[in-house]
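To keep things clear, I will list the structure first and then write my remarks on it.
Laboratory data are not the source of any read-out in this text; all were calculated from the coordinates shown. This is a predicted model, so every value here is computed, not measured. Glycine also receives a Cβ, built like all others from the backbone with ideal geometry; neighbour counts cover every protein chain displayed.
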Amino acid sequence: MKDLSLMTWKEIKELDKEKSIAFIVMAPIEEHGWCLPLATDLIEGENWSRGAMAELEKKNSVECCYLPSFPVAAASVNEFYGSIHFSMKTTFEVAYEVLESVRFMGFKHIVVIASHADPDHQIAIIKAVRKINRKHGICTIAPMGAIFMGAGVEPSDEIKKLEAEHENDFHAGWVETSSLLDIDESFVRDGYKDLPDSDISDKDMIFKKKQLAAMGEYGHMGMPRFASKETGRQLNQNCIESICEAVINFYKRTDYKKYDDYFLYKILPLHIGFLKVFGKVRRVKA
Ligand SMILES: [Zn+2]
């Protein structure tokens, strides 16, 4: 796999674009509770992309390349200390302009890894992807929204059991803490086993006030104490396999629609953040 930013323009121009797949990670610098770093979503997106690129190159005659990650993302709750969020409109525009630049370089298979599950972010990215595809013909996909909604490869029984026992783990809980423990234990601060469980249901996740109340003085929404390195290995592996399936199917332009279909995109009120009055990032002074 190649880092496009370390190549010369001439080298990039000479790449066989029919066989090249370009990866772009877009995720926020955002608070992740007391025990995970601000770059958690970027670290996850980079780990999953690298894993997928290695696997894709091993099993197919393709060449994968990537850009440095773009720490640009939209989020529905901005008020917690430590987050650098952008509006849905800005996120859409950055994604659109990055994609158009990469398309103009000649790439025909461009994958956006939006490793931040917030619908505000997914919708902004998918809107950019759709606009590019309408303008230039199908050339890009952002599969994470569908993967976060369960469209990917089926997880192991162990993960399914954990998901059933400790549901409502949305942010910096056992899922993300496990993922980072697997990527590099030094990213995770001691004490995650002592953090209290937060109390919020999936239905309450649409209410920002309820989210902030559940975050309390900590910032997580979930149960970090159930995290483990082994769980993280399985979660990351599942994500990598799902991305591989999405990307290779997209590359062949067969059977990739389920990864292109983000259920929440169809819910129009979720697009309200594109309007200037509703879409302002609410920053709070410390
Ligand atoms: Zn996260």
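Data overview
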read-out	value
Gap separating the Cα centres of segment 111-144 and segment 219-238, nearest whole Å	26
Sorted by Cβ neighbour density within 10 Å, fewest at the top, the residues 285, 89, 135, 209	285, 209, 135, 89
Residue among 251, 81, 192 with the largest mean-square fluctuation in a Gaussian network model of the chain, springs linking Cα atoms under 10 Å	81
Size of electric dipole in the chain: Cβ of Lys, Arg +1 and of Asp, Glu -1, about Cα centre, debye, nearest 20	1520
Mean separation of Cα contacts under 8 Å (6+ apart) over length of segment 2-274, as relative contact order %	23
Residue 210-residue 156 pseudo-label distance in nm [points 7 Å out on the Cα-to-Cβ vector]	3.3
Structure-based [θ]222 nm, the chain - -39500 (n - 2.57) summed over DSSP H runs of at least 4, per residue, nearest 500	-13000 deg cm²/dmol
Ranked list, fewest to most other Cβ atoms within 10 Å of each Cβ, for 187, 23	187, 23
Burial ranking of peptide ranges 258-267, 124-133 (average Cβ count within 10 Å, highest at the top)	124-133, 258-267
Estimated FRET transfer efficiency when R0 is 25 angstrom, pair residue 202-residue 272 (beta carbons, to 0.05)	0.80
Ranked list, fewest to most other Cβ atoms within 10 Å of each Cβ, for 178, 83, 101	101, 83, 178
Calculated P(r) of the chain - Cα pairs past 26 Å, %	42
Top positive-direction residue, dipole computed over the chain with Cβ charges, set 214, 268, 170	268
Overall dimensions of segment 1-89 as given by Cα atoms, namely Rg and Dmax in Å	16.0, 46
Residue pairs, from the table 131/285; 2/135; 160/203; 160/285; 89/229, whose Cα atoms sit over 29 Å apart	131/285; 160/285; 89/229
Net charge, residue 3 excluded, C-beta distance under 12 Å - Lys, Arg +1, Asp, Glu -1	0
